[in-house]
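Visitor: Pasting a structure below so you can have a look.
The values are calculated or read from the model by the stated rules, or taken from the named source; none is laboratory data. None of the values given here were measured: they were computed from a predicted structure. Here the Cβ positions follow ideal geometry from the backbone for every residue, glycine too, while neighbour counts run over all protein chains shown. Each accessible area value is taken on the protein alone, full model and side chains, heavy atoms only, with ligands, DNA and RNA left out. Shrake-Rupley method; radii C 1.70, N 1.55, O 1.52, S 1.80 Å.
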Amino acid sequence: MSEYPSDIFNETSQGWTAAGGNSQLMDVNLAYAPSVGHQVWLMISGVLIMPIIPGIGLFYAGEARRKSAMSILWQSMAILGIIPFQWFFWGYSLTYAADASPFIGTLTNFGLRNVISVPVGYIPEILFSFFQCMFCIETIVIMIGGAFERCRLLPSMVYAFCWATIVYCPIACWTWNSNGWLYKLGALDFAGGGPVHIASGVGALAFSLVLGKRIEHKDEGKIPQYHAHSPVMIYIGTIFIWMGWFGFNGGSTLNATVRTGYVLVNTNLAAATGVMGWNALEYVLYKGRFSVAGSCRGVMVGLVAITPAAGFVPVYFAAVIGFVSAVIVRGVDNWFNQFVGIDEGLMVFKNHAIGGTCGALMTGLFAANWVTALDGSSSASGWVDHNYIQLGYQLAEVCAIIGYTLVVSIILLYLINYIPGLKFRSEEHEEREGLDLHYLFNEGMGDHELFLVLKEAGFFEALAIKGQELLSESVSSTSKTEAAEEKKSA
């Protein structure tokens, strides 16, 4: 194994600065020469994560109705613009500052100040920052799904920036910063079961709760349920997501070791068994039939559930995690919204918070030290190694993240909602006619746009009148025929 850059590039190095080596006095690349393969893998992994973001946009747009689908795609692209700036501005510092408290970082690295070539394991800190920025973007894109079909776009983006700052950054600091209280406690979270999935799922639930139900059946107290308008979009989005997850989980080792290869296998296997588990249950529920959208949801849950466990559990337990989590999430799907009375139609809470919780708890059960040690330096174990307290640590992580996210998200939503011009809920007529028509300039989901054009031109009214005329003529003709036959028989 190559030596860590920090073994060479340390506090006694010539030209050492807070940002690493002084590039004007020394070649900062020399320290990383033995570990260049690790750097290349992290670069590839960071870029691989990018397709997840449009993939989630396509997944959500396919699940939503046509009249508001393009707005979801806009949100995913807008978040790609907002969150990298937030991460540069202060997000990275609030999460990973070396002088962080147990709860949140400082502004030591404000504006990525001094984030250049200090080693983080085998890689320079600037590359680590880029990789972790992708995690923050993905989390916000997932969370914003709680607002679909009834939220104004500008306030949702203000909320995204604020939520990333006061919800995601503190939770990621707890979990992954070496000063974080969950990190010190010993909770295991390989690639974001808590900060990414549980937090985004609960954040989406809070968003749906504060916004209220969609306009249909609002007075009756029912939760509207619709079939996915485009399983094809969901399918394409899922392929992007599955591919990107190899970078998401595979890069989280922060190196290119045997453990990384093991993580890739675990990720793929859990997604595969997620499909199997979801389809198995739907085959029973649908009486011998399957669903493309359902299969894709199974992939999503399998990937979510393996995220906290991918670098800790043997492959056979990865298969169990994917299958069991998919069955649990599909099992609660039919009754959850009606039970809690929250219109959370994109299943963000179920897929990510419940799926992430399943994965986090099963990490405590199935983590094996021999898997963790495949990178040559790490150590972690769970029940299979008789480390029974680990499940308690995992439960503490889940409860802390759920509680903090729910309370802070609701408070933040109410505060922003009272700022003039930033009311979240769209007007009733905007919701009925679709957000795309009112918030996007001459853009909409193809066939729905055609429907609106034909409606505005009076096509459907003319068609209804013509149909009524034809029906009247048919009835009249039938009556005359019957009268003629009666005359003949008489």
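Visitor: Where the convex hull is taken over the Cα atoms of region 263-312, what is its projected area averaged over directions, in nm²?
Guide: On the way: hull surface 12.6 nm².
So the Cα hull casts an average projection of 3.2 nm².
Visitor: Can you sort Tyr316, Tyr122 by 1.4 Å-probe accessible area, starting with the largest?
Guide: Values: Tyr316 130, Tyr122 5 Å².
Result, largest first: Tyr316, Tyr122.
Visitor: So if we plug the beta-carbon distance of Asn417 and Trp181 into 1/(1 + (r/R0)^6) with R0 = 22 Å, what FRET efficiency do we get, rounded to 0.05? Provide the component values of the computation, followed by the final result.
Guide: Values: r = 31 Å, r/R0 = 1.41.
Calculated value: 0.10.
Visitor: Something else now. Determine Rg/Rh for region 116-268; Rg is computed over alpha-carbon atoms and Rh is the Kirkwood hydrodynamic estimate from the same atoms. Each step should come with its number before you reach the end.
Guide: Values: Rg = 18.3 Å, Rh = 17.8 Å.
Dividing the radius of gyration by the Kirkwood radius yields 1.03.
Visitor: Under the √(5λ) rule applied to the eigenvalues of the Cα gyration tensor, what semi-axes describe the equivalent ellipsoid of region 374-438? Give them in Å, descending. Display every interim value, and only then the final one.
Guide: On the way: eigenvalues 417, 53, 27 Å².
Each semi-axis is the square root of five times an eigenvalue, giving 46, 16, 12 Å.
Visitor: Let me ask you something else. Can you match Kirkwood radius over Cα pairs in Å to one of these, [x] 24.8; [y] 26.4; [z] 24.2, based on a calculation from the structure here?
Guide: Derived directly from the coordinates: [z].
Visitor: Now for a different question. Mind checking the full-extension length gain between Asp385 and Leu285? Use 0.36 nm per residue of separation minus the Cα-Cα distance, one decimal, nm.
Guide: Details: separation 100, 0.36 × 100 = 36.00 nm, distance 3.77 nm.
Net length gain for the segment: 32.2 nm.
Visitor: Still on this structure, I have one more. Once ligands and nucleic acids are excluded and a 1.4 Å probe is used, how much of Phe89 is accessible, expressed in Å² to the nearest 10?
Guide: 60
Visitor: Probe of 1.4 angstrom, ligands and nucleic acids ignored: what's the accessible area per residue over region 157-199, in square angstrom?
Guide: Working: 930 Å² over 43 residues.
Computed with neighbouring chains in place, this is 22 Å² per residue.
Visitor: Given the protein chains as shown and a 1.4 Å probe, how many square angstrom of Glu428 are accessible, to the nearest 10?
Guide: Result for Glu428: roughly 100 Å² accessible.
Visitor: Give me the percent relative contact order of region 90-205, please, defined on Cα pairs under 8 angstrom at least 6 residues apart.
Guide: Values: 148 pairs, mean separation 39.5, N = 116.
Dividing the mean separation by the residue count of region 90-205 yields 34 percent.
Visitor: Lys/Arg Cβ at +1, Asp/Glu Cβ at -1, dipole of region 87-234 taken about the Cα centre: which of Val118, Tyr226, Gln132 is farthest positive-ward?
Guide: Of Val118, Tyr226, Gln132, it is Tyr226.
Visitor: Then there is this: Calculate the FRET efficiency for Gln468 and Val315 from the Cβ-Cβ distance with a Förster distance of 60 Å, rounded to the nearest 0.05. Don't jump to the answer; show the numbers that get you there.
Guide: Numbers: r = 65 Å, r/R0 = 1.09.
The computed FRET efficiency comes out at 0.40.
Visitor: Can you pull the Rg over Rh of region 34-149, Cα-only, Kirkwood? Write out the running numbers ahead of the final one.
Guide: Numbers: Rg = 16.4 Å, Rh = 15.5 Å.
Using only Cα positions, Rg/Rh for region 34-149 is 1.06.
Visitor: Turning to a different aspect of this structure: Just read off the accessible area of Thr253 with the full protein assembly in place, 1.4 Å probe, to the nearest 10 Å².
Guide: Rounded to the nearest 10, the figure is 10 Å².
Visitor: Can you list residues whose amide H is under 5 Å from Cys151's amide H, if they're 5+ apart or on another chain and H is modeled 1.01 Å from N?
Guide: So Cys151 has HN proximity to Ser426.
Visitor: Need one word for region 180-323: rounded, prolate or oblate. Basis is the Cα gyration tensor (sqrt eigenvalues a ≥ b ≥ c); a/c below 1.5 gives rounded, then a/b vs b/c decides.
Guide: It is oblate, given that a/c is not under 1.5 and a/b is not larger than b/c.
Visitor: Here is a follow-up. I need the calculated FRET efficiency for the pair Ala396 and Phe161, taking r as the beta carbon distance and R₀ as 30 Å, to the nearest 0.05.
Guide: Working: r = 29 Å, r/R0 = 0.97.
Given R0 = 30 Å and the Cβ-Cβ separation, E is 0.55.
Visitor: First compute the accessible area of region 41-94 with a 1.4 Å probe, then give the percent of it belonging to carbon and sulfur atoms. Please report the intermediate quantities before stating the final value.
Guide: Details: 1440 of 1680 Å².
That fraction is 85 percent.
Visitor: Counting only heavy atoms of protein chains, what accessible area per residue, in Å², does region 327-444 have with a probe of 1.4 Å?
Guide: On the way: 5310 Å² over 118 residues.
With the other protein chains kept in place, region 327-444 gives 45 Å² per residue.
Visitor: Quick check: residue separation of Asn442 and Val40 times 0.36 nm, minus the Cα distance between them. What number comes out in nm? Please report the intermediate quantities before stating the final value.
Guide: Working: separation 402, 0.36 × 402 = 144.72 nm, distance 4.24 nm.
Additional length available on full extension: 140.5 nm.
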